[in-house]
1. Using +1 at the Cβ of each Lys and Arg and -1 at the Cβ of each Asp and Glu in the range 197-403, identify which of Ala399, Leu284, Pro329 lies farthest towards the dipole's positive end.
2. Measuring from centroid to centroid over Cα atoms, what is the spacing of the range 245-274 and the range 355-407 in Å?
3. Relative to the longest principal axis of the chain, what angle (0 to 90°, nearest 10) does the C-alpha long axis of helix 301-317 take?
4. Which residues in the range 93-118 have a backbone N closer than 18 Å to a point placed 7 Å from the Cα of Asp165 along the Cα-to-Cβ line?
5. What distance in nm lies between label points placed 7 Å from Cα along the C-beta direction at Ser114 and Asp384?
6. So, with +1 on the Cβ of K and R and -1 on the Cβ of D and E, and no other charges, what is the size of the charge dipole of the range 266-407 about its Cα centre, to the nearest 20 debye?
7. What is the angle, in °, between the Cα long axis of helix 390-403 and the longest principal axis of the Cα atoms in the chain? Nearest 10 is fine, range 0 to 90.
8. Quick one: helix 223-234 against the long Cα principal axis of the chain, what's the angle to the nearest 10°, folded into 0 to 90?
Amino acid sequence: MSRSVRNVSRRAVLSAVPLAAAAVTIGPGTASAAPGRVGIWGPSLNGGGPSFTDRTLRQVVYASGGGTAPRVRLSNLRGTTPLTVGHVDLAEQSLGGIARAGSHRRVTFGGQGSVVVPAGREIISDPVDMTVPIGVNLLVSLYLPGTTGPSVRHPNALMNTYVSDPGNHAADDTSDAYPIRHGAWYYLGGIDVVSASATGTVVAFGDSLTDGFSSTPLTNRRYPDYLARRLHADTGGAPRFGVVNAGIAGNSVLFDAGPEAGLSALSRFEHDALGHPEVRAVILLEGVNDILREGSVPVTSWDLRAAYQTLIDRAHARGVAVYGGTILPFAGFDRHTAAREATRAALNGWIRTSGAFDAVVDFDAALRDPANPTALLPAYAHTDFLHLTDAGMRAMADAVVASVPLT
């Protein structure tokens, strides 16, 4: 069964915010958007990261779409103490931690240059007077004047975050004051823009395969990045959707997994999948970590079917389509067994034939080895036989474009 995003009858209920409005503080499971706004970036965040004192964090993020009047979402949703941010700067990247000269913009919140984000909350900035080209890397610099306590982060950024010497270096052109590099994003919940062509946001939701684990760092070769570029190319530079990556490496559908792998899909779906501006569809690819879970009681395909149906029902209640991805093969991985293979096969059979999803993306068929269907095609397989090469990431994006109505 295939239902066009455009024709889904139920519309997401979002809190409208005029473009000239003051900053908006939002809580768990809510979204704030204005007409014409789409998400172009937005990682899923966990708690328990390192603490910072009197440092500036310069973070590199990839704009999956373009537009005007960007807004920055600061997130302290998984934090335990209030977060004071003394200065937020948005600029285009030149190289590494160096900003393109003349591109700096001060980001304000209710007209103020600093803001306090309560624990368990998020805040959306005022619109910034800036045009964001499609496919550029942006630098978002946060000056944190106090001591943060355990930070909110996305551990697997595959990008450098530049940590400064003490002091406010948010508006520096150079990276001279940033001697330390981290591999995580901190306190950034998303960026949205007003788009001339896009009418909504597509969220890729899942585990390490969505998060891009094993793709080449610093190059934006996660499958949602390839998908955004395909949508741009296939529509003559006027994509209908922004793309947001809500993958977390190690994440499970059924089980919370701590500060690295995050809350379960069931726990985080409303916020991470449905909490972005004008979400029209979610591409759901998750379950292999549940199948691989060690324990006395193995996860069954029935367990995952029930969880999928719960997620589908939640999305449909908000007018959002859900595209189900089949679980990729993993023969050769050190935890592959005949029993787990049987669970994967049963689950994929249900995904393909149940009619529960608005459409199906058959990642399994697209990436498996025809000569050995329980394994990935060698060109797509990382050395662990579970994760993917860059070519595999690209093949995933191609499978999405071939299966669902996004262009």
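No lab work stands behind these numbers, since they all come straight from the coordinates. The shown structure was predicted, so the numbers you read here are calculated from the model rather than taken from an experiment. All Cβ positions, even for glycine, are placed from backbone atoms using ideal geometry, and neighbour counts span all protein chains on display.
1. Toward the positive end, the furthest listed residue is Ala399.
2. For the range 245-274 versus the range 355-407, the Cα centre distance is 21 Å.
3. Result, in degrees: 50.
4. Hits in the range 93-118 for Asp165 at 18 Å: 97-99.
5. Taking the simple label geometry, Ser114 and Asp384 are separated by 4.2 nm.
6. Numbers: 12 positive and 17 negative charges, 44 e Å.
Rounded to the nearest 20 debye, it is 200 debye.
7. Relative to the chain, helix 390-403 is tipped by roughly 80 degrees.
8. So the inclination is approximately 80 degrees.
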